[in-house]
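S.K.: Handing you a structure now.
The values are calculated or read from the model by the stated rules, or taken from the named source; none is laboratory data. The structure displayed is predicted, hence computed values, not measured ones. Neighbour counts run over all protein chains shown; Cβ positions are idealised from the backbone, glycine included. Ligands, DNA and RNA are stripped out before the accessible areas are found, and what is left, the full protein with its side chains, is counted by its heavy atoms. Shrake-Rupley method; radii C 1.70, N 1.55, O 1.52, S 1.80 Å.
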Amino acid sequence: MVVHSAAERVLAGLDPEQRSAVTAPAGPVCILAGAGTGKTRAVTSRIAHRALTGDISARHVLAVTFTARAAAEMRARLSALGVGGVQARTFHAAALRQVRYFAPRLLEGRAMPELLDSKVRVVTLAAAKVGLRADRAAARDLAGEIEWAKSSLVEPGEYVVAAAKALRETPYEPAKVADVFAAYERLKRGNGVIDFEDMLRAAVWGIEEHADVAEQVRGQYRHLVVDEYQDVNPLQQRLLDAWLGGRDDLTVVGDASQTIYSFTGATSSYLVDFPRRYRGATVVRLVRDYRSTPQVVGLANAVISQARGAEARLRLELHGQRPPGPEPELRIFTDEPAEANAVAARCRALIDGGTPAREIAVLFRTNAQSEAYEKALTEAAVPYVVQGAERFFERPEVRQAMIALRAATRSIPGETPLPAAVVEGLAAVGWAPDTPPAGGAARERWEALAALVQLAEEYAATPEVVPIGEAVAIERPVTLGDFNEELARRAAQQHVPTVEGVTLASLHSAKGLEWDAVFLVGLAEGTLPTTYAKTPEQVEEERRLLYVGVTRAREWLWLSYAAARSPGGRARRPSRFLPQLDRSGGGERAGAGAARRTERRRAQVVSCRICGATLLAGADRKLGRCPTCPSDLDEELYERLREWRQRVAGAQKVPAYVVFTDATLTALAERKPGRTEELIAIAGIGPRKLGLYGDTVLALVAGAGVDEVCPQKSFEI
């Protein structure tokens, strides 16, 4: 009765689609989950419901995903639902634990090879062996090609043909890359080290080639769950198949519209083909978006509605469930520095208005775009953190901290709780928890190391479950050595911890995250889509990148591009993926008439006097600012102008707006023109009205009273 009640509580509050996913029968289940639709809740509730009803044992579940953060979130939710013992790990973490556990048996007593935390150093040596001088950037590109090949189950001798078939943009001539690949493999073997792909292959080999290992692994893991299934690569699918061993108690969760990692070897084909591979599979679609406002959801739907290709067959139309919010803003700037400065100014305004810096993100297509925003945010005194690039783990203080923590494993007792061990280890580099500097670069360094301590606290909250035999497992507290391996994995995967500040991130590294306010910048042709996207499939992946970016925003969304890369540079077009927004704030797709009006206005560019954005809506052009930029209205002047307009309209026996519209009066009270040139620059004041009212308006702006400029008498034209 108690178990039944607990299982019913798991179902409470689920929407109909989520409930269908949770209660689907044992066997193959495919959950197509749009952004923000509660996929983590659905999949953890499914595991919990099956465990609490006695359908499965929690310790027989292996749930795999792609980031340590997502795995930790799964474990936390399962714990809150009253279910412990589930193994929720990344593919790499799950494989590493299995390889380590079975190493004495598989390696016949030999020591397990050391795991490389980065390929770059070995790749640099391999390049030199074949006559290439590769700097750090080139070595990273070569490492990326090797990772793609190994994840795609491509051997060095097969690389040239495979790269040609995949239309790879190789950093060097393909035959040279193949030579580096082969030399890299030889160097690894000679030095007795393995990389992360080797570790996955070792896990596959252990199961496929050793019946006793396969029996024990499959006896332990009888029910498998895979999150972000659209991101699985062939090597990971091979490992998943090995774990399954022909069984079909498999639940996968994914969204084909968020397939953005094909350059790493990931493919959505396994998700797309799931119903064909598993005949009779249950397929559930989650479409209720609980993350974003209806305005953001509407824009996301508009972006992805034009998608084509295999992934588009599984396209989901989202339905926003949150209360209405502000319309997405589209801004056009003269050049990229102006765009960056405007973004920084708005970030400063948001923070001053109460939005935490950690709830703001600036997202761009390439990491190279980060520099301009780092500079602009620094000048605006806005704290920031760069995510996805190597910046966090390449920072000198972080590298020194990781060295110190590795050294601390020899001096700190193994029973010391992990957070305390990390704090003690960081003392070697001068960090102390209670002495944060006041600000500046020193505070930024302190915050970076504080993020490592916070990460240790999160990691310590999830003890490792170790299989020790048929249907038997024990919990083992995580150690400082485990944490060092976790840091190495994060550095290799560029998965940085949370640091207080505005997040600067590429669209690729932003996937899986969300913020209250999101700036999508640099949305110009040649950047998004990139010039390297030449095939229809590559262009469609660029479209999905924008979709992912839009769906990161909970409430406030800014989209912008610069008409030129640098001041006076060559003109560029906006991204073809941008729906035609109503710049007056409506957020709907504008029709052909709006497009023609926009084209006519291009001859006379009007920029926002506050943020510098190009103004397109008539009211905005009249005001000389964006509707969301702060107003500097002189209310006393505005009231005098209104009284004057009322007298003039009464004398002429015409409606007040015939004299001047409210928007024109607001523009006058904000911009306070002092000369005829400034007055006629306000949209709505042409030569006729300048002749009728120009001198009077200038006098009012200068401080004259209404009675002085407009006595109670007839006003004749």
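S.K.: Counting each DSSP H run of 4 or more residues in the chain as -39500 (n - 2.57), what helix-only mean residue ellipticity at 222 nm follows after dividing by all residues, to the nearest 500 deg cm²/dmol?
M.R.: Details: 32 runs with 345 residues, N = 717.
That calculation yields -14500 deg cm²/dmol at 222 nm.
S.K.: Within region 671-706, which residues have the backbone N less than 16 Å from the label spot 7 Å out from Q652 along Cα→beta-carbon, could you tell me?
M.R.: Flagged as within label range: 684-698.
S.K.: Could you pull the accessible area for S575 with a 1.4 Å probe, rounded to 10 Å²?
M.R.: In the full protein context, S575 sits at about 10 Å².
S.K.: If you don't mind, another one. Is there a quick way to get the dipole size of the chain? I mean about its Cα centre, with the Cβ of Lys and Arg at +1 and of Asp and Glu at -1; what is the value in debye to the nearest 20? Could you put the intermediate results ahead of the total?
M.R.: Details: 92 positive and 89 negative charges, 327 e Å.
My answer is approximately 1580 debye.
S.K.: Show me 141-147, 685-691 ranked by packing, highest mean number of other Cβ atoms within 10 Å first. Kindly include the intermediate steps, with their values, before the conclusion.
M.R.: Values: 141-147: 21.1, 685-691: 12.4.
Result, highest mean first: 141-147, 685-691.
S.K.: If you don't mind, there's one more thing I want to ask. Report the one residue of F274, S262, P174 whose Cα lies farthest in the direction of the positive end of the charge dipole of region 164-289 (charges on C-beta: Lys and Arg +1, Asp and Glu -1; origin at the Cα centre).
M.R.: Checking the options against the dipole of region 164-289, the answer is F274.
S.K.: Another question, if that's okay. Going Cα to Cα from K653, which aspartates and glutamates come in below 13 Å? Please leave out same-chain ones fewer than 8 positions away.
M.R.: Within the straight-line cut-off, K653 pairs with E716.
S.K.: Please work out the Cα center distance from region 158-237 to region 238-272, rounded to the nearest Å.
M.R.: If you average the Cα positions of each part, the centres end up 15 Å apart.
S.K.: Right, here's the next one. Per residue, how many Å² of accessible area does the chain show with a 1.4 Å probe?
M.R.: On the way: 31480 Å² over 717 residues.
Per residue, the chain has an accessible area of 44 Å².
S.K.: If you don't mind, another one. Relative contact order of the chain: what whole-number percent is it, with Cα pairs under 8 angstrom and at least 6 residues apart? Don't skip to the end; give the middle numbers.
M.R.: Numbers: 1166 pairs, mean separation 95.4, N = 717.
Normalised by residue count, the contact order of the chain is 13 percent.
S.K.: Here's something else I'd like to know. Modelling each spin label as a point 7 Å along the Cα-to-Cβ direction, I'd like the L107/A214 distance in nm, to one decimal.
M.R.: 2.4 nm
S.K.: Counting C-alpha atoms alone, how compact is region 502-544: give Rg to one decimal and Dmax as a whole number, in angstrom.
M.R.: Taking only Cα atoms of region 502-544, I get Rg and Dmax of 11.9, 35 Å.
S.K.: Cα centroids of region 1-58 and region 76-102: how far apart, whole angstrom?
M.R.: Taking the Cα centre of each part, region 1-58 and region 76-102 sit 18 Å apart.
S.K.: Collect residues whose amide H, placed 1.01 Å from N in the peptide plane, falls under 5 Å from the amide H of D289; neighbours closer than 5 in sequence don't count.
M.R.: Correct list: H319, G320, Q321.
S.K.: Could you check the simple spin-label distance between E537 and E678, using points 7 Å along Cα→Cβ, in nm with one decimal?
M.R.: About 6.0 nm, to one decimal.
S.K.: Determine ³J(HN,Hα), in whole Hz, for all residues of region 367-373 in sequence, where each value follows from phi through the Karplus function 6.51 cos²θ - 1.76 cosθ + 1.60 and θ = phi - 60°; x replaces Gly and Pro.
M.R.: Values per residue, Gly and Pro as x: 4, 4, 6, 5, 4, 4, 7 Hz.
S.K.: With +1 on each Lys and Arg Cβ and -1 on each Asp and Glu Cβ, how big is the dipole of region 491-575 about its Cα centre, in debye rounded to the nearest 20? Write down the numbers at each step before the final one.
M.R.: Working: 10 positive and 9 negative charges, 77 e Å.
Roughly 360 debye, rounded to the nearest 20.
S.K.: Residue by residue through region 269-275, which ³J(HN,Hα) values in whole Hz follow from phi under the Karplus form 6.51 cos²θ - 1.76 cosθ + 1.60 (θ = phi - 60°), with glycine and proline marked x?
M.R.: Going residue by residue, I get 4, 5, 6, 4, 8, 3, x Hz, with x marking Gly and Pro.
S.K.: Of the options I194, Q230, A137, report the single residue whose Cα projects farthest towards the positive end of the charge dipole of region 126-251 (beta-carbon charges: Lys, Arg +1; Asp, Glu -1).
M.R.: A137
S.K.: So for R671, R570, R552, R406, what's the accessible-area order with a 1.4 Å probe, most first?
M.R.: Working: R671 80, R570 210, R552 5, R406 110 Å².
I get R570, R406, R671, R552, largest accessible area first.
S.K.: Another question, if that's okay. Kindly write out, for region 642-657 in residue order, the coupling ³J(HN,Hα) from the Karplus curve 6.51 cos²θ - 1.76 cosθ + 1.60 (θ = phi - 60°), rounded to whole Hz, with x marking Gly and Pro.
M.R.: 5, 5, 4, 4, 5, 5, 5, 4, x, 5, 8, 6, 10, x, 4, 5
S.K.: Determine which lysines satisfy two conditions relative to K511: a Cα distance under 26 Å, and not lying fewer than 8 residues away in the same chain.
M.R.: K39, K119, K150, K375, K534
S.K.: Would you pull out the residues with amide H under 5 Å of L559's amide H, same chain only if 5 or more places away, H placed 1.01 Å from N?
M.R.: Amide H neighbours of L559, under 5 Å, 5+ apart: E329, L330, R331, L520.
S.K.: Give the Cα extents of the chain along the principal axes, in whole Å, largest first.
M.R.: 107, 65, 56
S.K.: Averaging over every viewing direction, what projected area does the convex hull of the Cα atoms of region 190-259 cover, in nm²? Before the final figure, lay out each step's value.
M.R.: Working: hull surface 23.5 nm².
Computed as one quarter of the Cα hull surface, the answer is 5.9 nm².
S.K.: Could you check what % of the DSSP bridge pairs in the chain are antiparallel, to the nearest 5? Walk me through the numbers before you get to the answer.
M.R.: Details: 12 of 59 bridges.
Bridges in the chain are about 20 percent antiparallel.
S.K.: Would you calculate the separation in nanometres between label points at E424 and R576, each defined as 7 Å from the Cα along the Cα-to-beta-carbon direction?
M.R.: Rounded to a tenth, the inter-label distance reads 6.1 nm.
S.K.: Work from the charge dipole of the chain (Cβ charges, +1 for Lys and Arg, -1 for Asp and Glu, about the Cα centre) and give the residue of F393, A24, Y459 farthest towards its positive end.
M.R.: Selected residue: A24.
S.K.: Within the accessible area of region 1-151, what % is carbon and sulfur when the probe is 1.4 Å and the other protein chains stay in place? Don't skip to the end; give the middle numbers.
M.R.: Working: 3360 of 6250 Å².
Accessible surface attributable to carbon and sulfur in region 1-151 totals 54 percent.
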